[in-house]
1. Could you pull the accessible area for Phe12 with a 1.4 Å probe, rounded to 10 Å²?
2. Pulled fully out, how much extra length does the chain show between Val499 and Leu38, if you take 0.36 nm times their separation in residues and subtract their Cα-Cα distance?
3. Kindly provide the pair-distance distribution of the range 571-610 built from C-alpha pairs, with 5 Å bins from 0 and whole-percent values in order of increasing distance.
4. With every protein chain kept in place and ligands, DNA and RNA left out, what is the accessible area per residue of the chain? Probe 1.4 Å, answer in Å².
5. Which of Leu410, Leu577, Ala674 sits farthest toward the positive end of the charge dipole of the chain, with +1 on the Cβ of Lys and Arg and -1 on the Cβ of Asp and Glu?
6. Can you give the angle from 0 to 90° between the axis of helix 128-189 and the longest principal axis of the chain, with both taken from C-alpha atoms, to the nearest 10?
7. Can you work out the FRET efficiency for the pair Val460 and Gln180, with r the C-beta to C-beta distance and R0 = 51 Å, to the nearest 0.05?
8. In square nanometres, what is the average projected area of the Cα convex hull of the chain?
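The values are calculated or read from the model by the stated rules, or taken from the named source; none is laboratory data. Note that this is a predicted model, so its numbers are computed, not measured. Note that each Cβ is placed from the backbone with ideal geometry, even for glycine, and that neighbours are counted across all protein chains shown. Please note that ligands, DNA and RNA were not included when accessible areas were found on the heavy atoms of the full protein model with its side chains. Shrake-Rupley method; radii C 1.70, N 1.55, O 1.52, S 1.80 Å.
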Amino acid sequence: MSCLATLFPAMFMAFVQFEYLHPLWLATVGGGIVGFSLLLPVYAWLGDVRWLCGAYALVCLVGLGTWRWAWLSPASATQPPWLWMCVGVAAVCAAMATTVPIAFAYTCVTAVVFGVLRTTAPGGNRDVLEAMQDVLTLLVLPTALLLLIRFFANAVDELDATTTASQRVEADRAIDRALQQQRTILDGIIHDRVMTTLVAAVQTDQPRGEVADLARTALAALAEAGTATDSGQSLDLHQLARLIKDMVEPVCPQAQLAVISGDSTLRVNAAAASVLGQAAREAASNVTRHAEAENCTITVSVRADRQEQQVRVDIRDDGKGFDPDAVPENRFGIRVSMRERLRHIGGTVDIVSGAGEGTLVSLVWVGREQRRTDSVSRRRASEAIRSVMRVEMFLFLVWLMVGVQVLVGLIDAVTQPAINPLTLTALGLAVLATGIAVWRAGDRRISNAGAVLVVVCLTVLSQLMHRATPIPEVIGYGTWHSSVVMVLLITVLVRGRRVIAWVGLLIFMVQVLLWTLGQPFGWYSFLNVAFGPLLWLVLATLVMRGVRTIGEQLVRVRSASRQNTQAMAESFSKLVLREVWLTELRAQIGPLLQNLADPTHQLSADERDACRVLEGRLRDALRAGNLISQGVSDAIQAARERGVEVVLVDNRGSKLPEPVRRATLRQLEELVRASTGGRIVARTAPEGYADAVTILRVGDERNLTTIDEAGTVTVRKT
């Protein structure tokens, strides 16, 4: 629209020069500018405009470079080449077609070419100093616009990274809250239903029918907790990795997760995520049971094109390895837990291993691409526009544009036969009005009094310049104040005083009209002086209205985003409840509860012992979740059977950091398995203590193991 709006005054100014220009030049250069200006608004709505922008910029440069040969009159031009009206827009078009640095080079070249042209007869036969004023005039506004574009692009990149990180933090917090709620509900069922049943079963005097009723109630509560009441919302890559981590950690605490960053908008449906997690859990369980590995790494990555996405989960260990060809096809863990599960969702399993070479299990799922349909781009665009309005950049651009115009006016004043005091006064008012307009710009909104004072200064400034420039048909550097008026009225508009800015523009246009009224080339002079402020204030008003509209949309989008995040967190927490916590719990107590629920089944002494052991394991998990894994729980059970007293105390109040948790579980399991008697007390400290975990072993000798917040292990005798 800027190209189209610039076309009309440019053609009006070109009207007086048409008869002196070569017809072929008019057809190619003039026709090209007209054609591209008419096509740009259409293509801006329909598709890519980069080639049109590049063509527009190229035609403007070619037109300036060939102007002196297209000029047919032997006399000097009385007006500057009409192409100067298009140079500013052409610089922005060059930036859209290429890059900002290239566009800046383009601006410098066109300004220099225009300056050289002005020293020739076809350009007006101006002296070098006046030509330098033209160069400065053509450099300032395009340079300011290019700086704004470059800053805008950087702001968008920064905002993308910040938005992605903040959305992830917000999602993680919502997931943590939802998981805590689900964990609290499940812990209540375990304590009130399951453990009560196990304690009753251990007591020999408890009526068998009452134990069966308690067991059936516990089974019903677990079944109800695992009912799929959510809609199974899809997961992004980060959430999929978190689900896999939660599923793998109980069976392989030393496993470390790595996520290869991909498109954050890609989604994996809940069914596929569940199967991938189950298969990864089985692979990690094999590492713990068979690999004798020191390290295990799980990598989650995604690759996508327009139709499909491939999710890949690699489980790699440095264990003893094996020959995959020697494993029977009917091996339950590989065939059922991995291959069959992946096959049902259209996935595959690939196993690479060798004796002494470790093992790599690759789980691959290919599905139709899903993306988030929220208004991310609209939200980012809105905040990017606001982020551009930083105080430092705002002040720099205002002072840059006003400063160059004041410099042009000062040069014009000192080159006159006598310095006009009206011009010097106007220059001083320009600086004063600029200082008022940007005063306390950090507050964004200028006061009414400040805005009115800016308009008063501009009104007086314009009146002084109109008196100091009595021949408006010779439009030269005496009209520098037009650009100052434009910049400062836009500043008032941006700082929240739209009505005052438009009143100021109306006063300025009336002044220009009265100044040019009755003079030769009056309409030409009027357009030359008044068109710039009018055009740019209209564009600034439209942009600010668009920003306000997007801001209102942003509020609605954020509200919807919070609701979606909460729904996603609840869905994710229920998925973890079903696929991780209840799966583990059923594997532990399911068969035993089924037997207890049968009133005709007579409990044996071994089953009563199993009830006692399971009750202890569940109690440890409730009291000290940070200190329990499947391996640690098995080791504690065996140690207690050997007469070792194991006490777990969890004072943390939150989850241990991953390095601390891995080191703690490894040290605790080793100590418990190596103990043949005595007492072991493992304790987590509240957050903020230097030692996050302490493990005291009392036996033939006393050893104290401490683990700090970085996961560093220290063992000393006491």
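1. Estimated to the nearest 10 Å², Phe12 gives 90 Å².
2. Length gained between Val499 and Leu38: 162.8 nm.
3. Answer for the range 571-610: a P(r) of 6, 21, 21, 17, 13, 10, 8, 4, 1 percent.
4. Normalised by residue count, the accessible surface of the chain is 48 Å².
5. The Cα lying farthest towards the positive end belongs to Leu410.
6. 20 degrees
7. About 0.15, to the nearest 0.05.
8. 44.1 nm²
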